[in-house]
Amino acid sequence: MKTFAAAVALAIALPAMPLAAQEQAEAPASPQWVETSNAYTQKLIEFEASLFPTSASSAGYEQYDGLVNDMALDRDERYLAGARALRAEFASAIVKESNPYVRQDLQILIDALDLRIAENELERRYMLEFSEVPQRVFRSVGALLSEQTAPHRRAKALELLQRYTGTHPGTEPMTELAKRRFEDSRGEGKIGPFVVEVRESIDKIPTFASGIRELFATYEIEGAEEALDAMDAQFADYASWTEEVVLPEARENPRLPEELYALALKDWGIDIDPREAMSRARRGFYEIRAQMEALAPQIAAENGWEETDYRSVMAKLKERTIPNDEIEAYYRNVNAQLEDQIREHDIVSLPEYELAMRVASAAESAAQPAPHMRPPRIVGNTGEQGTFVLTVGNPTAGEGEAYDDFNFPAASWTLSAHEARPGHEMQFAALVEQGVSLARLLYAFNSVNVEGWALYAEAEMLPHEPIEGQFVAQQFRLLRAARAFLDPMLNMGLISREDAERVLREEVLVSAPMAKQELDRYQYRMPGQAGSYYYGYRKLLDLRIEAEVALGEKFNERAFNDFLLSQGIIPLDLMAKAVREEFIPSQR
């Protein structure tokens, strides 16, 4: 079940600030409707944080630092009762409120609660509850021990680890609590986690244990040895228990029950029938592949290569590997060139500060193998920046073919446009600078909103990149179209994993480790999420052309893009409404 922060953290974490600080920072400048909306949203934030404080802490609410989630056996019943009571309160309020923005925000909260309630009920009906505790501990500790976290908060990482390991007075080890909930979730007809997921979770435990030790050493948190030693012993015991108890209950088929997959699509923001989404994506796949085939001979001619088909050209481009110790500097240079192009062509208003970037640790790569953006604190930001995190491998892929999808020059352009500028980094920079209501900040988030903008950002920069960068930009877009039909096909039993892998390897041209990462994502890590990229991108393109047609010569690219960013991470139907009712009239 996803809480307000956990839902966001699946794609990117959304840090915020303490409740009291929010009130102090927002009250003088916020419109009255925002204050009214926030008062409702605070009730939901505080309720969920009372049960899931690690999510609240990761989101930046300092009063929950050092606390761990409620793992009592009756937690879900208490959550459902509280969620239903709040939903009824919001449903009553929406009838009474006259401000349309407050009503929109109340509907956002109601929709979020409906999803949480449905997820809780369906998961309890169908699934055994297995927790990857070591990864959870690593993520929670890493949220506090981070360059993006204020130094005064980091000391709480010790209390957090002590609570996780049961070395804090009055606590039990999280591993034992998780075992207890697994046993309590047993029931006739229930299915366990996917067998591959279970095996990989066991294999990654030493990586997370060493990663946690590394974090405590890096940030010089003293007094942690007892808790760290207890952690090592408990993680080893949990690995044995997982192998002996959970693995025999694991399912061989990764497919979810149909109801759960349908709800997942809705939660990620995909609001059309999956068969229609598949049909649109297949058409797009053909068109994008044709564009790659058209570009390939030009690249081959420039480089004097005999083979001119797109597969051969991609193989040649990947031979130009950037060494791991040079990859950060290389990407910094590419980002600087992209920013120059943004200014020259007046595409969007850039932040004035330098982009933050670093290479991921081994434990971070194990938790999230793909390059990604770690956003800053959003509400009440005091100077924290988002960070573009580069990964150089997939630790779960094993020995064999190299993970070569991002470490060659031609790939750096579109990846930077997506994760950095004008993509995710600018999305969150705009939120920091302009601010939105808490409902839109924490509960309107879904992958269609967020990833749609990042793919749109790629498209904005494509004409201003070298031809090799344009070629790989089309390959990345080809991957997003493939995701939009392979994910539902796999989850609806319309294609085998082997055939899906063939599409990714032979048509999309990703490496074996990348293909494994993709298929794992579709089948059991985040079923339904992968299709949100292409769906959100196409919706934003449609909105862009609608604005161009309506305004003609008065259409201004930078004004349009700045307006989209100013709206925050809101559902795209609300974005379209704002463009039609606010942006277009204002430009006329």
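The values are calculated or read from the model by the stated rules, or taken from the named source; none is laboratory data. In this text the structure is predicted, and so the values were computed from the model without any measurement. Here the Cβ is made from the backbone with ideal geometry for all residues, glycine too, and neighbour counts use every protein chain on show.
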(message) If residue 232 meets every condition in (1) in a helix (DSSP H, G or I); (2) closer than 25 Å to residue 192 by Cβ; (3) without any contact (Cβ under 8 Å) to a residue 60 or more places away in the chain apart from one, which number is that one?
(response) (2)
(message) Quick check on the range 77-94. Is at least one of its residues crowded, with 18+ Cβ neighbours inside 10 Å and acidic (Asp, Glu)?
(response) no
(request) Go through the range 158-179 and give me each residue that's part of a helix (DSSP H, G or I) and not hydrophobic (A, V, I, L, M, F, W, C). (result) 159, 162, 163, 164, 165, 175, 176, 179
(message) Regarding the range 180-189, can at least one residue be identified that is under 17 Å from residue 67 (Cβ atoms) and not in a loop (DSSP other than H, G, I, E, B)?
(response) no
(message) One residue is enough: does the range 293-313 have a residue meeting the conditions in a loop (DSSP other than H, G, I, E, B) and either at positive phi or among the hydroxyl-bearing types (Ser, Thr, Tyr) (or both)?
(response) yes
(message) Out of the residues in the range 241-291 meeting the condition of being β-branched (Val, Ile, Thr) and under 23 Å from the mean Cα position of the chain (by Cα), tell me which one is farthest from residue 521 (Cα to Cα).
(response) 272
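Okay, residues lined up against (1) closer than 23 Å to residue 44 by Cβ; (2) crowded, with 22+ Cβ neighbours inside 10 Å; (3) not acidic (Asp, Glu):
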site	(1), (2), (3)
115	yes, no, yes
133	no, yes, yes
137	no, yes, yes
147	no, no, no
(request) Would you be able to say whether some residue in the range 502-509 is surrounded by fewer than 18 Cβ atoms within 10 Å (Cβ to Cβ) and part of a loop (DSSP other than H, G, I, E, B)? (result) no
(request) Return the only residue of 520, 542 being surrounded by 14 or more Cβ atoms within 10 Å (Cβ to Cβ), part of a helix (DSSP H, G or I), out of contact with any His (no Cβ under 6 Å at 6 or more places or on another chain) and not hydrophobic (A, V, I, L, M, F, W, C). (result) 520
(request) Tally the residues that are out of contact with any Asp or Glu (no Cβ under 8 Å at 6 or more places or on another chain) and either acidic (Asp, Glu) or at pLDDT below 95 (or both), restricting the search to the range 292-321. (result) 4
(message) Among the numbered criteria (1) over 20 Å from residue 372 (Cβ atoms); (2) part of a helix (DSSP H, G or I), which one does residue 493 miss?
(response) (2)
(request) Please determine, by comparing only the residues of the range 179-233 that are under 23 Å from residue 368 (Cα atoms) and basic (Lys, Arg), which one is surrounded by the most Cβ atoms within 10 Å (Cβ to Cβ). (result) 204
(message) Between a residue in the range 431-444 that is at pLDDT below 85 and any residue that is among the hydroxyl-bearing types (Ser, Thr, Tyr) and not in a loop (DSSP other than H, G, I, E, B), which pairs come within a Cβ distance under 6 Å, given they are 6 or more apart or on different chains?
(response) 434/566
(request) Could you run through the range 190-222 and say how many residues are part of a helix (DSSP H, G or I), touching a Leu at 6+ places or on another chain (Cβ under 6 Å) and of a type in the set (Val, Ile, Thr)? (result) 1
(request) Residue by residue through the range 43-63, note down the ones that are closer than 24 Å to residue 160 by Cα and either in contact with a Cys (Cβ under 7 Å, 6 or more places away or on another chain) or surrounded by fewer than 21 Cβ atoms within 10 Å (Cβ to Cβ) (or both). (result) 46, 47, 50, 51, 62, 63
